[in-house]
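Take a look at the structure below.
None of the figures in this text is laboratory data; all of them are computed from the coordinates on show. This one's a predicted model, so the numbers in the text were calculated from it and none came from an experiment. So basically every Cβ, Gly included, is an ideal-geometry build from the backbone, and we count neighbours across all protein chains shown.
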Ligand SMILES: NC(=O)c1ccc[n+]([C@@H]2O[C@H](COP(=O)([O-])OP(=O)(O)OC[C@H]3O[C@@H](n4cnc5c(N)ncnc54)[C@H](OP(=O)(O)O)[C@@H]3O)[C@@H](O)[C@H]2O)c1
């Protein structure tokens, strides 16, 4: 059985180590603050004195620290770098697609293989089917260790480009923030207009099938570039724009912070100025990037 080194035993790293130990995998842990790793020793993990010792003791090196900068510092130390030859580094710290690609190049130049991972879950979901983890990097290296990845959660290989897992991570987080900041704004509208938050919660749930359908439709239309208004259009830009302005007017009248909504307004206005008022909402995809 492969021995796994886990560098970083904060909230997430401890959960990852716990899931591997529960699965009977031999684990060596290292953490900058040693006390945070000691509870894992009670569960059967070996504690390494140094990063290099943890790498030398293992076949697979799983990294979960604050970010890619912290990880690069740890793995870039001379003794750690020398130990990386023939190891697989699985980077589960959060970062950008560019950082993942740079890390892949660095690890390869040290004689190791690199797989990037993005954890789409909080620590309580690790080791369960609701704990989605996206991986990208060489397909053969992923396939060789697929059993290990499955112990960590609902593991999915999304492609060979090491930047893909982070790209999807950022995309899904952006969707999440859209929903969470939207929820903050929505709750403020309810509060200003005497709607209780329990009622908000109930009606929000009733709207979800419609919102989910509109989201699927938007992505499908963007993929096929079906951006004009047509017989299958669910709601034109004109329809959205009209309701959007009602929301903005009421929010402004109630002193709600509309700065994020002003950003959406600017996107609507650019599309309308370019003559797209009768097109599908999906036409806004053309206005999401600045000209390079
Ligand atoms: N928690 C989540 O829900 C979640 C979800 C998805 C992804 N993640 C990602 O998982 C990673 C860890 O998050 P976490 O929630 O476990 O955070 P955390 O509990 O604050 O742990 C951070 C870990 O990073 C280590 N660390 C920070 N700076 C370091 C440095 N300069 N050198 C060496 N080690 C350093 C810490 O070591 P010390 O103990 O010595 O401080 C600790 O092990 C982050 O990249 C985060 O984005 C977390």
Quiz item: Of all the strands (runs of 3 or more DSSP E) wholly in segment 1-72, which have at least 2 residues that are farther than 20 Å from residue 133 by Cα?
Solution: 27-30
Quiz prompt | Residue in segment 39-62 that is more than 9 Å from the ligand (Cβ to nearest atom), within 17 Å of residue 165 (Cα to Cα) and either in contact with a strand residue (DSSP E or B) (Cβ under 9 Å, 6 or more places away or on another chain) or in contact (Cβ under 8 Å) with a residue 12 or more places away in the chain (or both) present | solution = yes
Quiz prompt | Residue match in segment 155-164 (condition: part of a helix (DSSP H, G or I), closer than 30 Å to residue 18 by Cα, in contact with a strand residue (DSSP E or B) (Cβ under 8 Å, 6 or more places away or on another chain) and touching a residue at least 12 places away in the same chain (Cβ under 8 Å)) | solution = yes
Quiz item: Which one of the conditions (1) more than 23 Å from residue 167 (Cα to Cα); (2) out of contact with any strand residue (DSSP E or B) (no Cβ under 6 Å at 6 or more places or on another chain); (3) assigned to a helix (DSSP H, G or I) does residue 85 fail to meet, given that it meets all the rest?
Solution: (3)
Exercise. Quick one: in segment 90-121, of everything that is touching a residue at least 60 places away in the same chain (Cβ under 8 Å) and in a loop (DSSP other than H, G, I, E, B), which residue is farthest from the ligand (Cβ to nearest atom)?
Key: 96
Self-check item: Selection within segment 8-34 - more than 6 Å from the ligand (Cβ to nearest atom), closer than 15 Å to residue 124 by Cβ and either surrounded by fewer than 16 Cβ atoms within 10 Å (Cβ to Cβ) or touching a residue at least 40 places away in the same chain (Cβ under 8 Å) (or both)
Solution: 14, 15, 16, 18, 19, 22
